[in-house]
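Worksheet: one structure, shown below.
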Amino acid sequence: MTDAELVVRTRAGDPDAFGILVSRYYDACWRFAYHMTGERADAEDVLQDAFLRAYLAIGRYDERDQFRGWLFRILTNQCRNALTSRGRRTRRFVQDEIALESAPAPPLGLATGVEDAALVRALSQLDPLQREALLLKYAEGLEYGEMSAMTGAGESALKMRVKRGSERLRTLLGRSLE
Amino acid sequence: MNSDRESARRGPDEPNDFAEFLDDAALVARIRASYAGAPSPEAAQVARCTTAVLAEALHTPTHRFGGALRPRWWWGAAAAALLVVSVMRPWQPEVAVQRADQAFVGAAPAAAPLAAPVGATTASGDAVRFDLMLPNAAQEVALVGDFNGWDEHATPMVRRRDDGAWSAKVPLSPGRHVYAFVIDGRRWLVDPLAPQVPDGGYGPANAVIVDGPR
């Protein structure tokens, strides 16, 4: 069953159809949210909020859009909200340049189920907008035009975020990339 | 002229040397590897999310659905469902069960007045009996909570009468217990009249407290 058919069924009041959409996209959304927030629990909360908003807004979903892109637009907003909210509460990550620099570089092609802890930590120290741009560009493989439509930021600004984010990330990861 | 146009297209925060920026292949590979290598969420996590979203949406005012997603009739029926948590004082007079609203400061008050008197049921033994009046044609009702791992198959409720009276008896240790009902295997329901607890990841739920011997 296609995403469009599931959306139609959801709009008709069939919650099971939405459950299928959640199952279909949870994994992809979770990887993004986890790398954005750096915390599994936060990522899970973000996803729950994002899917709830998607469910409530599905009447406004335009079938001409890709469901995944539409969902990620909601997800990126929820990640921003969560990070803003968390920033008010506390800073979770301790600045520890020595530990970061001494973290070994994992081999390319990590074993499944093993995330790159040093990278996740370094990402968490980036400006959230730079982190978001880096993940959308490199991890999600989006073009700048798609990123612009998703985030509302101009392409120039997004390119700048990717550039500066890359430079900062390289600095944070230090020797481990060399 | 062309240079001016190019500059205008670039925007104020894009430097002239952006064209010289090349994606760092090692960095891109490392990000992608971490992305792919992150452990997949467990199936229970996905199910928890789905359940919480649908349970939350069930309590959302219908106008937020924009008309296209108006709740079906059973949602209204669920809102009218009645619950009685039986409080037992089994074999020791000092053992009591309190409703969470009597024990928690700030607990949500009952959501709506009863349309009819609520009967109370008591039972003997080291257990709490949950009664639910469900004025619709549910085929099966299950009790889920922290005491059975939120497993909808663990504690099926028994239909007491044809008028929608369901009940289940569960041995509970002293302490605070959170629970909800699952109608026909997929519709989650909280008792609108019982105190509700903050969403702990499973969606809205009710709470009951079992006090041990003092």
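The values are calculated or read from the model by the stated rules, or taken from the named source; none is laboratory data. Since we're looking at a predicted model, the values are computed, not measured. In this analysis, Cβ positions are derived from the backbone assuming ideal geometry, glycine residues included, and neighbour counts consider all displayed protein chains.
Of note:
- Residue, nearest to residue B:131 (Cα to Cα), within the range B:147-166, restricted to residues that are surrounded by 16 or more Cβ atoms within 10 Å (Cβ to Cβ) and of a type in the set (D, E, K, R): B:159
For (1) within 21 Å of the chain's Cα centre (by Cα); (2) polar (S, T, N, Q); (3) assigned to a helix (DSSP H, G or I); (4) closer than 15 Å to residue B:52 by Cβ, each residue gets a yes or a no:
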site	(1), (2), (3), (4)
A:7	no, no, yes, no
A:19	yes, no, yes, yes
A:29	yes, no, yes, yes
A:35	yes, no, yes, no
A:48	yes, yes, yes, yes
A:53	yes, no, yes, yes
A:58	yes, no, yes, no
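- Criterion (at pLDDT below 80 and at positive phi) met by exactly one of B:212, B:200, B:164: B:164
- Residue that is surrounded by fewer than 16 Cβ atoms within 10 Å (Cβ to Cβ), of a type in the set (Gly, Ala, Ser), at pLDDT below 70 and part of a loop (DSSP other than H, G, I, E, B), where the choices are B:123, B:137, B:194: B:123
- Number of positions in the range A:37-46 that are more than 7 Å from chain B (Cβ to nearest Cβ), part of a helix (DSSP H, G or I) and not aliphatic (A, V, I, L, M): 4
- In the set (1) crowded, with 19+ Cβ neighbours inside 10 Å; (2) outside any helix (DSSP H, G or I), residue A:122 fails one condition alone, (2).
- Within the range A:140-155, the set of residues being surrounded by fewer than 19 Cβ atoms within 10 Å (Cβ to Cβ) and assigned to a helix (DSSP H, G or I) comprises A:144, A:145, A:146, A:148, A:149, A:155.
- Some residue of the range B:38-59 being modelled with pLDDT of 85 or more, part of a helix (DSSP H, G or I) and of a type in the set (Lys, Arg): yes
- Selection within the range A:1-32 - among the small types (Gly, Ala, Ser) and facing chain B (nearest Cβ under 10 Å): A:12, A:13, A:19, A:23, A:28
- Of the numbered criteria (1) under 28 Å from residue B:180 (Cβ atoms); (2) within 7 Å of chain A (Cβ to nearest Cβ); (3) at pLDDT 85 or above, the one residue B:65 fails is (3).
- All conditions in (1) modelled with pLDDT of 70 or more; (2) closer than 26 Å to residue A:16 by Cβ; (3) surrounded by fewer than 20 Cβ atoms within 10 Å (Cβ to Cβ) hold for residue B:144, with the sole exception of (3).
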